[in-house]
Amino acid sequence: MGHAVRHRDYRRDIEPTGIRDQLPRPDGWARDYGRGFWAQQWLGLQRMFNVGGWTMSEPAPRFGLVIVGDEILSGKREDKHFATVIRLLAQRGLALAWARYAGDDRAALTALYRDTFASGDVVFSCGGIGSTPDDHTRQSAAAALGVPVVLHPEAELLIAQRCADMAREGRGTADMNHPENRQRLKMGEFPAGASIIPNPFNRIPGFSIRNHWFVPGFSGDGLADDRVGARHVLLAVVQPADRR
């Protein structure tokens, strides 16, 4: 029995995608990518989940939050994630459906992410993506999906740029074979198939995969915060309307 042959359709009336639709057509039409980095990220999330434009046949996505860290559960660090995510969602007319707190336990995190990936919800996960021995989020997310952890090439480049910036400031070396820099590269090891979430403050990216957005933990609101980039990574995926 013969098999049907499928052909790609290159007709001009197909909706343009990718880099080509960033260029205006002769009639002046061009897709709106937003003005500025954060607006572009929010528009991307809107298109991915049809946020703000769903129909009765397509229920609105549910948003969940996972907060990781023994220091939060022990009370050594005050949690800022819960209130921040609620506020950022509310500024878009959205609401948080659920939140989970978890310690730095790889097996428990793997079980938790297995459940959240199966839920189909849009999930923000804060904390545990560093390179210290108690950071297990990246490995747990990969295990939950049944994929390996691999060094993301874009993350590798960004981390190398960060090391070069620090070396120019007299802090460390730009040699990526140095043990400290090899350890820093672990922050670019994500589940296979993940995309990076750029961090314009210190170049150390977060990552996203399967409707989940993973960012560093943060402890404060000021520029002196040691994880200040995390708040801006969160803004990349739930950009407030007044800053579009």
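Within segment 186-204, the set of residues being assigned to a strand (DSSP E or B) and out of contact with any helix residue (DSSP H, G or I) (no Cβ under 7 Å at 6 or more places or on another chain) comprises just one member, Ser195. Summed over segment 163-188, residues that are in contact (Cβ under 8 Å) with a residue 40 or more places away in the chain and touching a Gly at 6+ places or on another chain (Cβ under 7 Å) total 1.
Being modelled with pLDDT under 90, in contact with a Gly (Cβ under 7 Å, 6 or more places away or on another chain) and within 30 Å of Ala111 (Cβ to Cβ) is true for just one of Arg231, Arg227. Which residue is that? If you could, list the steps in order and put the result at the bottom.
Values: Arg231 fails: in contact with a Gly (Cβ under 7 Å, 6 or more places away or on another chain).
Exactly one residue qualifies, and that residue is Arg227.
Going residue by residue through segment 80-92, is there one that turns out to be within 26 Å of Arg203 (Cα to Cα) and hydroxyl-bearing (Ser, Thr, Tyr)?
Filtering segment 80-92 for residues within 26 Å of Arg203 (Cα to Cα) gives 80-89.
Narrowing the set further to residues that are hydroxyl-bearing (Ser, Thr, Tyr) leaves 84.
Taking every residue of segment 80-92 in turn, at least one turns out to be within 26 Å of Arg203 (Cα to Cα) and hydroxyl-bearing (Ser, Thr, Tyr).
All conditions but one from (1) surrounded by fewer than 23 Cβ atoms within 10 Å (Cβ to Cβ); (2) among the small types (Gly, Ala, Ser); (3) within 14 Å of the chain's Cα centre (by Cα) apply to Gly103; the one that does not is (3).
From (1) surrounded by fewer than 18 Cβ atoms within 10 Å (Cβ to Cβ); (2) under 18 Å from the mean Cα position of the chain (by Cα); (3) of a type in the set (Val, Ile, Thr), pick out the condition that doesn't hold for Thr173. Of (1) surrounded by fewer than 18 Cβ atoms within 10 Å (Cβ to Cβ); (2) under 18 Å from the mean Cα position of the chain (by Cα); (3) of a type in the set (Val, Ile, Thr), only one is false for Thr173: (2).
Would you mind stating whether Arg184 is among the basic types (Lys, Arg) and surrounded by 15 or more Cβ atoms within 10 Å (Cβ to Cβ)?
Details: among the basic types (Lys, Arg): yes; surrounded by 15 or more Cβ atoms within 10 Å (Cβ to Cβ): yes.
Taking the combined requirement at face value, the residue satisfies it.
One residue stands out among those in segment 160-185 that are in contact with a helix residue (DSSP H, G or I) (Cβ under 9 Å, 6 or more places away or on another chain), of a type in the set (D, E, K, R) and part of a helix (DSSP H, G or I): the one that is farthest from Ala143 (Cα to Cα), which is Arg162. Among the residues of segment 124-157, the ones that are closer than 13 Å to Val68 by Cα, of a type outside the set (Gly, Ala, Ser) and either surrounded by 17 or more Cβ atoms within 10 Å (Cβ to Cβ) or modelled with pLDDT of 95 or more (or both) come to 7 in all. Residue count for segment 137-159 under the criterion of being under 19 Å from Ser125 (Cα atoms) and assigned to a helix (DSSP H, G or I): the result is 10. In this entry, Ala118 is excluded by the filter for residues that are touching a Ser or Thr at 6+ places or on another chain (Cβ under 9 Å) and modelled with pLDDT of 95 or more.
Each residue in segment 124-135 was checked for being in a loop (DSSP other than H, G, I, E, B) and within 16 Å of the chain's Cα centre (by Cα), and 4 pass. Surrounded by 14 or more Cβ atoms within 10 Å (Cβ to Cβ), part of a helix (DSSP H, G or I), in contact (Cβ under 8 Å) with a residue 40 or more places away in the chain and touching a strand residue (DSSP E or B) at 6+ places or on another chain (Cβ under 8 Å): is that true of Phe207 in this structure? Against the criterion (surrounded by 14 or more Cβ atoms within 10 Å (Cβ to Cβ), part of a helix (DSSP H, G or I), in contact (Cβ under 8 Å) with a residue 40 or more places away in the chain and touching a strand residue (DSSP E or B) at 6+ places or on another chain (Cβ under 8 Å)), Phe207 does not qualify.
The values are calculated or read from the model by the stated rules, or taken from the named source; none is laboratory data. Bear in mind that the values here come from a model prediction, so they are computed numbers and not experimental data. When we count neighbours, we look across all protein chains shown, and the Cβ atoms used for this are built from the backbone with ideal geometry, even at glycine.
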